[in-house]
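Presented below is the structure to which this report refers.
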Amino acid sequence: MDEVIISRAIVESYMEDLMEVMEVDVAVVGAGPSGLVTAYYLAKKGIKAVVFERQLRVGGGMSGGGMMFNRIVLQEEGKRILDGFGVSTKEYQKGYYVADSLEAIATICSRAIEAGAKIFNLISVEDVMVRENDKITGLVLNWSAVSWSKLHVDPLTARCKVAVDATGHDAEICSIVARKIGPKLRTKTGEVMGEKSMWAERGEKEILKNTREVYPGLVVAGMTANAVFGSPRMGAIFGGMLLSGKKAAQVAIKLLQQG
Ligand code: 48F
């Protein structure tokens, strides 16, 4: 066993992928359920897609289920998406299905990679790139360890035709856009309106309408969509996250087609 061969294999193989994703069709921020589902549906269509995830692990809030009970609940439409991934669900009561959150996230992640999406953990998106026509043209990346260590180290970048903010409750990319470019999001105020208190049914209903392009070249998915448009949170029911991820992929594909 040669340790240096092991090291070279890791560095070369990683760098190959990193170089490859510096020019992509769609760059997704956040490997929670909505971001991973978005990446899967894009990659399945042969679209070059990458996901950047800040944390060591993927899954976002799905892994923790409801209050660390690692189970999630889905309604009929959400269950159908999990069926498509081959994740098992059990009917708890009519119209309520329960699934193992770890099985769900591990399977979705595996299918996304298998379909051709690239997923990078431990990389944070700290800004966006823009051009004269006010369109987002890429993401500004740094090792998560840089901000955790409170170091000042300049970032690197990746160009994309469409970016997807799937950063969850904090809507981080939209907040950056509103703060740095101005209140120009396609919301009533132009700003991130902020999520409302829990109302599962309304939250699940509104998330699909909210999943759309909010700024030229920027699509929102998952809890970010509700946070940006001021809709309620919904807790440990996850159908909306999966359906939103699927819709975000469709919106991104349409934007790519429009050029
Ligand atoms: O929070 P998260 O799971 O978002 P989601 O896909 O799903 C929300 C549900 O988990 C749950 C819920 C269900 O009703 O409300 O909360 O909308 O995943 C977001 C991921 O984005 C990462 C973060 O670490 C998490 O894994 N993330 C956040 N900001 C950044 C980021 C950033 N700036 N750069 C990279 N990753």
Relative contact order computed over the stretch 3-258 (Cα-Cα under 8 Å; 6+ residues apart), in percent
23 percent
Give the accessible surface of the chain per residue, rounded to a whole number of Å², with probe radius 1.4 Å and ligands, DNA and RNA excluded.
51 Å²
Point-charge dipole on Cβ atoms (K/R +1, D/E -1) for the chain, about Cα centre, debye to 20
960 debye
When ranked by the protection proxy of mean other Cβ atoms within 10 Å per residue, highest first, what sequence do the peptides 145-152, 186-193 form?
186-193, 145-152
Expressed as a whole number of Å, what is the distance separating the alpha-carbon centroids of the stretch 1-52 and the stretch 122-136?
18 Å
Rounded to one decimal in nm, the spacing of the 7 Å Cα→Cβ label points at Asp2 and Lys44 is 4.3 nm
Nearest-5 percent of antiparallel DSSP beta bridges in the chain?
55 percent
Ala106 paired with Glu20, simple spin-label distance in nm, labels 7 Å along Cα-to-beta-carbon
2.4 nm
Where does the chain land on Rg/Rh, using Cα atoms and the Kirkwood Rh?
0.97
Protection proxy ranking of 91-97, 50-56, 214-220 - average other beta-carbon atoms within 10 Å, highest first:
214-220, 50-56, 91-97
Accessible area of the chain belonging to carbon and sulfur atoms, whole % at 1.4 Å probe
56 percent
Any aspartates and glutamates with Cα under 14 Å of the Lys247 Cα? List them, leaving off those in the same chain fewer than 8 positions away.
Glu77, Asp165, Glu204, Glu206, Glu213
Pairs from Lys150/Lys184; Lys48/Lys79; Lys79/Lys196; Lys44/Lys196; Lys79/Lys254; Lys180/Lys209 whose Cα-Cα separation, in the structure shown, is over 32 Å
Lys44/Lys196
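The values are calculated or read from the model by the stated rules, or taken from the named source; none is laboratory data. Keep in mind it's a predicted model, so treat the numbers as computed, not measured. So basically every Cβ, Gly included, is an ideal-geometry build from the backbone, and we count neighbours across all protein chains shown. Areas reflect the complete protein model, heavy atoms only, side chains present, ligands, DNA and RNA absent. Shrake-Rupley method; radii C 1.70, N 1.55, O 1.52, S 1.80 Å.
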